[in-house]
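The values are calculated or read from the model by the stated rules, or taken from the named source; none is laboratory data. Everything numeric here is computed off the predicted structure, so don't read it as measured data. Cβ placement follows ideal geometry from the backbone for every residue including glycine, while neighbour counts extend to all protein chains displayed.
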Amino acid sequence: MKLAVTGLGLVTSVGHGVVGTCTALRAGLSQPRPLPAFTVEDEPGEAVPVTGFPAAPFADGFYQTGAWVRLASGAFDDLRDAAAMPSSTDARFWHRTGLIALAPLIDEARFGWSLQTLPGALETFYLHPLVSLMDVPLREDTTRALALGHCGLAAALQQAEAMLTSRDVDRVLVLAADSYVDPESLAWLAHHRRLKSPQRQVGLMPGEAGAAILVERPVTARERGSASAVQVDAVALSGLPAVGATLAQVGRALAESIQRVLPAATQRFQGDLYLDLNGEAWRAQAWGHAQVLLAEQLDPSRCRVLHLASSLGETGTASAPVSLAAAAWGFFRGHASGERTLLGSLSDAGQPAAILLTRGEGRRAD
């Protein structure tokens with residue numbers, strides 16, 4: 001696999017744009033805020049708002065699919081401006097552009113609906129409103145939505161490569177959005193004892209984000225004169241773990257995914273490693289098991305492990321796309337710790353994925 005990333009856009013709690021967000025992440029900034037819509041117990045008899053990382057005020061008043069549309073379209077607007085994409089009147093350009101919209105895993109207990117009972121809900125309430133808000137003439141047969149949570153980016157990149165190889169399109173937009181700051185999601189997290197609070201120190205802090213990525217074949221990007229700060233070299237997406245799988249087995253599956261994207265070579269991987277660690281013990285334990293199995297592939301002394309949830313909270317489906325944008329920014333600004341970067345993901349269902357990135361052909365910033 002060789003895909004050039006020629007456009008990026010972000011909306012997060014620390015910036016409503018890729019430049020502002022990546023600059024803030026590089027500086028280690030964060031903007032946690034109280035979420036008054038949901039309270040947790042502090043001292044006996046005293047309730048306090050849970051702390052989270054909303055993309056305020058950008059997504060205020062939007063929740064569930066409305067928040068996804070708002071965040072994803074905002075990220076697209078950022079990408080469109082930064083990449084100097086043509087106006088909506090350029091039908092030829094947009095007819096040759098595909099779209100893959102990424103959504104969270106649909107848990108009926110969290111959202112109040114399921115894809116089993118409402119099989120067309122993703123298209124009706126997410127994809128179609130998103131395309132309408134984007135206001136560009138995309139072909140309906142080259143737009144689709146995936147609900148895979150943290151592993152969505154890996155699946156989208158695999159599908160984007162297939163679309164580009166078949167020459168159906170010349171480029172593919174991947175838009176991702178997720179939000180854990182609405183009352184229903186917060187109640188769901190609390191019910192499953194996943195939410196960090198004064199009485200529960202081990203858990204996640206909810207966030208929300210939108211991300212946009214434009215990918216093309218490297219030769220097409222060169223012909224179009226598009227600079228690429230990062231290139232996707234390999235993607236691995238494994239299946240769901242067996243029912244009752246142990247954390248050791250989940251960690252092994254994650255390790256195998258990472259091994260699949262690393263080239264067979266004697267030199268161990270050196271560079272940045274982005275993981276979706278979010279404060280939950282099970283993710284940390286799974287990564288611990290994976291790390292032991294990766295001793296021959298990774299050089300711990302030459303790897304910098306980064307987990308953006310410490311600045312953005314849990315951003316779910318958007319976590320891997322935001323990490324890709326941060327990696328691209330690192331290559332562009334010259335502060336990446338190597339020539340390659342790894343992204344490792346685990347969905348809430350334990351499905352693992354890995355993505356290998358390398359420095360692109362774009363000029364490094366001075």
Checklist entry - Any idea which of Ala155, Ala177 is modelled with pLDDT of 95 or more, within 26 Å of Pro57 (Cβ to Cβ) and outside any loop (DSSP other than H, G, I, E, B)? => result Ala177
Checklist entry - Which numbered condition trips up Pro119, out of (1) assigned to a loop (DSSP other than H, G, I, E, B); (2) touching a helix residue (DSSP H, G or I) at 6+ places or on another chain (Cβ under 9 Å)? => result (2)
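Test Phe53 against the stated conditions and say whether it is aromatic (Phe, Trp, Tyr), more than 17 Å from Ser323 (Cβ to Cβ) and in contact (Cβ under 8 Å) with a residue 40 or more places away in the chain.
Numbers: aromatic (Phe, Trp, Tyr): yes; more than 17 Å from Ser323 (Cβ to Cβ): no; in contact (Cβ under 8 Å) with a residue 40 or more places away in the chain: yes.
It is false that Phe53 is aromatic (Phe, Trp, Tyr), more than 17 Å from Ser323 (Cβ to Cβ) and in contact (Cβ under 8 Å) with a residue 40 or more places away in the chain.
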Item to check | Of residues in the range 157-181 being crowded, with 20+ Cβ neighbours inside 10 Å and farther than 19 Å from Met85 by Cβ, the one farthest from the chain's Cα centre (by Cα) | outcome: Val181
Checklist entry - Would you call Leu262 surrounded by 15 or more Cβ atoms within 10 Å (Cβ to Cβ) and either closer than 22 Å to Glu314 by Cβ or aliphatic (A, V, I, L, M) (or both)? => result yes
Item to check | All positions within the range 1-27 that are part of a loop (DSSP other than H, G, I, E, B) and surrounded by 24 or more Cβ atoms within 10 Å (Cβ to Cβ) | outcome: Ser13
Next on the checklist: Just to check your reading of the model, which residue among Ser132, Ser87 is assigned to a loop (DSSP other than H, G, I, E, B) and not acidic (Asp, Glu)?
Outcome noted: Ser87
Checklist entry - Quick check, is Phe125 part of a helix (DSSP H, G or I), of a type outside the set (Asp, Glu) and over 30 Å from Leu195 (Cα atoms)? => result no
